[in-house]
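Reviewing the structure listed below.
The values are calculated or read from the model by the stated rules, or taken from the named source; none is laboratory data. The shown structure was predicted, so the numbers you read here are calculated from the model rather than taken from an experiment. Backbone-built Cβ (ideal geometry, glycine too); neighbour counts: all protein chains shown. Side chains included, ligands, DNA and RNA excluded: accessible areas come from the protein's heavy atoms. Shrake-Rupley method; radii C 1.70, N 1.55, O 1.52, S 1.80 Å.
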Amino acid sequence: MTVDRLLDFAVTINPGFYLIIAALMVAVAKDAFTRAVALIGGPVLALLAMLYPPVSGADVSRELFLGFELSLYRPDSLSLIFGLGFVLASALGGIYSLHRRDRLQDAAGLVYAGAALGAVFAGDLITLVMFAELATLASALLVFAARTGPAYRAGLRFLTIQIIAGLLLTAGAAMYGVERGTFLIAELGGLWNGLVIGIIDPGSAGGMLILAGVGIKAAFPFVHNWLTDAYPNTTETGAVVLSPYTTTMAVYLLARFFAGYEPLIWIGAAMTVYPVFFAVMENDLRKVLAYSTNNQIGFMVCAIGIGSTLSINGAAAHAVAHIVFKGLLFMTMGAVQLRLGTTKASELGGLHRTMPWTALACLVGAASISAMPFLAGYTSKTMIMTAAEAGPGMMVVWLMLLFASAGVLEHSGIKVPFMAFFSHDSGKRPEEAPFNMLLAMGLSSGLCLIIGLYPGWFYALLPFRDQAQEFLVQDLFSISHLLQQMQLLTFAVLAFMVLWWFRIYPAERPGVIIDVEWIWRKGGPALGRVLARPMRAGGRIVSGVTSSAIAGLQSAGRQVFAAEGVVSRKLPLSGAAIWALCLLGVVLLISLFR
Amino acid sequence: MSEDKQNPTPVEPAQLGVPGEHPLSVLLFSWMRGKLFFRIFMAVLAALGAVLIALEFVLSHRAVTSILNVPGFFGIFGFVAFSIAVLSGWPLGKLLRRPEDYYETRSGEAGRDR
């Protein structure tokens, strides 16, 4: 009986708290076994709690806090699929990190995952903002955890941008909640096809601020460099743990709040295209993957903007599939980083000779992100492409997405595995990755295959289940879709081979590629240098004027208040009487005309 | 017993891979190292592409209402889009690539601007 009551209570807790409790355990764990139990057991407990919620689509746990009604746990089909992705990422990240005994990273990683999970299950704006801020702090710790100068500076930049995003989100949530008279998500908008989505009006001031905050977290164009700056500066495990949460949480928030908001279509389409060009030039393969993340998030943002049941399903499916295959690619590059201390393409090549398992996993991840049929990426991206193709007046957007699909094959499908593991022989013979890393890579590869080969169970978890099943039966493995995708991939690979054969494929060269971040990393200091001379001159003038004025005042004060000064002189009594009379006259006038 | 059998010519064990190479690498990837691999693979891809376009002609029953529905469109688009993405790397690289220590040096010291 007591056990039943305990279980009843356990399933009413926001699953994010299980990961945060596991983080506390990891922080104090003295032996490897306890640490491993917490790292893997926490996500497993969260998964169990998530799969057995007492009610779906309703506020499970309501609290009154400082006069505000909060809903700490509100599961529905949209939060469930994102939550599943976060729990999977947390468990796989935990296994991947077992070789590295760093309490800071372990605990920060679990808090980060727990906060992101808590945010997707939050039923009100206040709880959501709290979890999002906690995620920001934990993620910054993961960047700092590399304990190097560049990582420290990248961490500060990351934290600054994330805090700005958090402040925008907080201010927007406060304004919007006050304006609407409630902070509860269920009461902010009505149901759309049985789901509370697209509930915030982006035309209101609060809505605009929320969109701006979420946009920064989703790495919208011009504010995307926090992603490409931070990820390559982390440890080999840091990028794996960082990659799934912030951007995916932002995708969830966009779907929940702004589904069907048309400008997102173009923002998303732009996000898919421009990272392709940067990824082609980039030498650091972890940075290539960061640009690739930007590109894949673009597909999801675009799908959310389209706002049909198919596109929302596609965005949710792609978010989870992306967590799996991008995590896998970051894992393989993490293994290279661990063994060689670098992921710069110009210093790599031929690593398949001694790291064949890692190379194999990288190939699975690369094929998956390229949307090779019967792998995870195809299962999710086909939905988005079909939704975009079906949309009225969407030809240009659809062509942009198609171009980006070929671009993905270039940077993540070919460049990453080819430059690291094949290409020319760098002569480096590193040891294969540790067993725990290989296990995590193996499990991720397995997931890519299972989602791709047996998508039925995966589609059953999507927000609009019936529409997903219909797509599975009619479209996913249709001859035309399969042939078109295979054509795109085959000819794109052929183009690579032709360009390589004629030696016009750009060689990987050391260097950094300047991007928007130039504005604050170079432009800011340069502006400071330009303004320094006039500001110093101005300062000298102001200082001189101020000094003269102060000296004048001192001199005048001495003359007035000194022993022989004006105020010390003896005045006749009649003079004082006249002054008193004047003052009384003034008071009388004021009181008369008041 | 003949002299040959008493002192057999030492036979080197067959070299499957480079020294220190993982057996799995030999099993999975050594076939890629043949001199003709690149040409054969390119020919196979071209043949596969041709077969895919032919199959689209035969199997796909979508009405040709726009250029997007023309058989082979995806193949040609993939080839052109990939080439554009890659070849853009030349001019853009010249325009945007800077030395490694442009923002900060490898040792973590302040960058060139300080």
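Side notes on the structure shown:
- Applying the criterion of being buried (at least 20 other Cβ atoms within 10 Å of the Cβ) and either in contact with a Leu (Cβ under 6 Å, 6 or more places away or on another chain) or facing chain B (nearest Cβ under 7 Å) (or both) to the residues of the stretch A:490-510, the residue that is nearest to A:PHE277 (Cα to Cα) is A:TYR505.
- When A:SER368, A:SER423 are screened for being among the small types (Gly, Ala, Ser), surrounded by fewer than 24 Cβ atoms within 10 Å (Cβ to Cβ) and out of contact with any strand residue (DSSP E or B) (no Cβ under 9 Å at 6 or more places or on another chain), only A:SER423 passes.
- Single condition A:GLY393 does not satisfy, out of (1) at positive phi; (2) away from chain B (no Cβ under 12 Å); (3) open to solvent by less than 10 Å² (accessible area, probe 1.4 Å): (3)
- When residues in the stretch A:1-28 are screened for being modelled with pLDDT under 90 and either open to solvent by 70 Å² or more (accessible area, probe 1.4 Å) or over 17 Å from A:GLY123 (Cα atoms) (or both), 10 of them pass.
- Of the helices (runs of 4 or more DSSP H) lying entirely inside the stretch B:1-68, those carrying at least 1 residues that are surrounded by 15 or more Cβ atoms within 10 Å (Cβ to Cβ) and either modelled with pLDDT of 85 or more or among the charged types (D, E, K, R) (or both) are B:23-29, B:37-59.
- Test: residue in the stretch A:426-447 that is more than 9 Å from chain B (Cβ to nearest Cβ), modelled with pLDDT under 95, more than 26 Å from A:MET331 (Cα to Cα) and open to solvent by less than 40 Å² (accessible area, probe 1.4 Å): no
- One residue from A:ASP475, A:ASP466 being open to solvent by 30 Å² or more (accessible area, probe 1.4 Å), closer than 30 Å to A:GLY198 by Cβ, assigned to a helix (DSSP H, G or I) and within 13 Å of chain B (Cβ to nearest Cβ): A:ASP475
- Residue satisfying condition, being open to solvent by 10 Å² or more (accessible area, probe 1.4 Å) and either free of Cβ contacts under 8 Å to residues at least 24 places away in the same chain or hydroxyl-bearing (Ser, Thr, Tyr) (or both), within set A:GLY190, A:GLY198, A:GLY194: A:GLY190
- Among the residues listed as A:ALA317, A:ALA361, A:ALA321, the single one being aliphatic (A, V, I, L, M), open to solvent by less than 10 Å² (accessible area, probe 1.4 Å) and over 20 Å from the mean Cα position of the chain (by Cα): A:ALA361
- Among the residues of the stretch A:484-536, those identified as aromatic (Phe, Trp, Tyr) and within 25 Å of A:PHE403 (Cα to Cα) are A:PHE491, A:PHE496, A:TRP500, A:TRP501, A:PHE502, A:TYR505.
- Flag for A:LEU482 being within 30 Å of A:HIS99 (Cβ to Cβ), open to solvent by 30 Å² or more (accessible area, probe 1.4 Å), touching a residue at least 40 places away in the same chain (Cβ under 8 Å) and part of a helix (DSSP H, G or I): no
- Among the residues listed as A:ARG529, A:ARG521, the single one being among the basic types (Lys, Arg), part of a helix (DSSP H, G or I), facing chain B (nearest Cβ under 7 Å) and open to solvent by 20 Å² or more (accessible area, probe 1.4 Å): A:ARG521
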